Amino acid sequence: MKKPALLVSVILFLSFFSCASAKSTNAESEIRSALDKQVAAWNRGDLDGFMDGYLQSAKTSYVSGDSEIHGFEAIKERYQKRYGSDTTSMGNLTFSELNILSLDKNSALVTGHFKVTGKNKPDATGVFSVVFVRNNGKWKVIHDHTTASHT
């Protein structure tokens, strides 16, 4: 291969990866924004706003402890029973140590830690992994696996 052809190949190769990296960074920013919106909704006692971060589908799933729940409505019902739907019962949510791994242009795996503090309940802490999918241009959780710490 001649030097000009090699140079063009290298430039195209680097351009491809810089575009892929830019798309990945944009996806990461959009996913972080989706998570921030969920936290803000939770902290104002807005369960519907929090649930807006989940894909409204029968295929959406949630796993915690020894339970496995399928379907957006069933997941919402679980949150409602466990945490209620106001600031007093829901408490304050924080996420930390977030790691976002792009799986392809329309899906990503996010891992992190959560903490829920409240006046009427002991703190809940633990780890989670969620799978996000891009649906109609928005990032939504299609699978949530949350494990509470038992301290």
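Extension gain, Thr117-Ser149: 0.36 nm per intervening residue step, less the Cα-Cα distance, totals 10.2 nm. What FRET efficiency comes out for Ala74 versus Asn136 if R0 is 22 angstrom and r is the Cβ-Cβ distance? Round to the nearest 0.05. FRET efficiency, Ala74 to Asn136: 0.50.
Globularity index of region 22-64 is 1.33 (Cα radius of gyration / 2.2 N^0.38 Å, N = number of residues). Between region 36-96 and region 111-151, the alpha-carbon centres lie 9 Å apart.
Bear in mind that the values in this text are calculations on the coordinates, not laboratory data. Just so you know, these numbers come straight off a predicted model, no measurement behind them. Virtual Cβ from ideal backbone geometry, glycine too; neighbours counted across all protein chains shown.
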